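As structure tokens, the structure follows; a few thoughts come after it.
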Amino acid sequence: MNEGTMNDCHIATLDVGTSSVRCLILNKSGDIVGSSNKAITLLYPEAGWVEIEPEHLWTTVLEVIDSAIRDAHLHATDISCIGISTARCTIITWDKSSGKHFHNFITWKDLRADSLVKHHNSSCLMQMMRIGARCLYTVSRQKRFLAASDLKAMNVQIVCRLEWILQEMPEVREAAEAGRAVYGMIDSWLLYKLTGGKLHVTDASCASASGAYDPFTMEYSAPLLWMYHIPRSMMPTVCDSAGEHFGSTDAKLFGQPIPIRSSLGDQSASLFGSCCFKEGDTKVTLGTGTFLDVNTGRKPHASISGLYPVVAWRFNDELVYMAEGSSSDTASLIHWLLNMGLCGSALRLLE
């Protein structure tokens, strides 16, 4: 350990988004003492397809963490723990035994499963589920049935893209039937890689954004997995958003294991980081997309007017929900305005 850092507490924060990877090193006073960031290269193999090459993302993550530690003039031994936030609903499948990925990451902006989304939303089965939920809400007044009465598939959720993978990629389907293929968002895959293949987990905030997890029951929805033809064996175990269950990084990566103490979806992390701890507290985040999130306390919000209920975070006995509305094209619109010469600086758009 470096001289002068023996009594210091340094925390690494890693943010893996759709457009970039960032890492900050904080001291015990909360001051930033080191930082690094690097852009992520997005691939567009076909119209409406948006992908990330896994090895590119993995190399970028390792480089950014290492660069931030060096920028702080520290070593891995000086880092008490690392906290992670990741973009949700960018998905990948891999062989849980070998760690070999079957395809590139398919990002949350990808539209390849749009025909499946439209098919499910117009299907008789979906309409029957909505009608049944409406009847159950009329009788029981339970909010989970009110939310289900407006149930619909969305491109941003993982379920239709995962269904598309299983339909269009025989290798994945065969591996899934054999119990070898697993699915994960960036968080699950990153935790798997960082821990040397020891974990296949996600936290409650990421799981609840998937479209396969019921935030009212806090369990994967068997009817939804059945409807989208997704084997339950592919899904990661759902954990609290913080704790010791995330283990530590493999010693080979940074020369010393670093404990991983939290993993959250990026919008939940943003709500927490904006100190929106009370019911009704609201934040708006502008990044690759725009997200409005409202802390709804210990009860999920059952809106039929556009907002959807997701878990903000879960830790021990504390379970906090948020209602979310989003737009996917903020960054694309800003880039278009800049490329067309309609604005000289992205910062001016925010003034």
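Out of the residues in segment 1-38 meeting the condition of being among the polar types (S, T, N, Q) and assigned to a loop (DSSP other than H, G, I, E, B), tell me which one is modelled with the highest pLDDT.
ASN27
Does segment 310-327 hold any residues that are charged (D, E, K, R) and assigned to a strand (DSSP E or B), and which are they?
Listed by number, the residues that qualify are ARG314, GLU318, GLU324.
Could you please find all residues in segment 167-184 being out of contact with any Phe, Trp or Tyr (no Cβ under 9 Å at 6 or more places or on another chain), surrounded by 16 or more Cβ atoms within 10 Å (Cβ to Cβ) and not in a loop (DSSP other than H, G, I, E, B)?
Selection gives ARG173 alone.
Failed condition for THR60, given (1) assigned to a helix (DSSP H, G or I); (2) in contact (Cβ under 8 Å) with a residue 40 or more places away in the chain; (3) crowded, with 16+ Cβ neighbours inside 10 Å, with all others met?
(2)
Given the criteria touching a Phe, Trp or Tyr at 6+ places or on another chain (Cβ under 9 Å), farther than 21 Å from SER326 by Cβ and of a type in the set (S, T, N, Q), does GLN127 qualify?
Details: touching a Phe, Trp or Tyr at 6+ places or on another chain (Cβ under 9 Å): no; farther than 21 Å from SER326 by Cβ: yes; of a type in the set (S, T, N, Q): yes.
Judged against the criteria, GLN127 is not a match.
With the checklist (1) more than 19 Å from VAL310 (Cα to Cα); (2) out of contact with any helix residue (DSSP H, G or I) (no Cβ under 7 Å at 6 or more places or on another chain); (3) modelled with pLDDT under 90; (4) open to solvent by less than 40 Å² (accessible area, probe 1.4 Å) in hand, flag the one item MET126 doesn't pass.
(2)
Would you check which residues across segment 121-160 are touching a residue at least 24 places away in the same chain (Cβ under 8 Å), aliphatic (A, V, I, L, M) and farther than 16 Å from SER208 by Cα and list them?
LEU125, MET126, MET129, LEU146, listed by residue number.
Counting only residues that are in contact (Cβ under 8 Å) with a residue 12 or more places away in the chain, more than 20 Å from ALA113 (Cα to Cα) and under 23 Å from the mean Cα position of the chain (by Cα), which one in segment 27-55 is most open to solvent (accessible area, probe 1.4 Å)?
It comes out as ASN37.
The values are calculated or read from the model by the stated rules, or taken from the named source; none is laboratory data. The structure displayed is predicted, hence computed values, not measured ones. All Cβ positions, glycine included, derive from the backbone under ideal geometry; neighbour counts span all protein chains shown. To get the accessible areas, we keep the full protein, side chains included, count just its heavy atoms, and leave off ligands, DNA and RNA. Shrake-Rupley method; radii C 1.70, N 1.55, O 1.52, S 1.80 Å.
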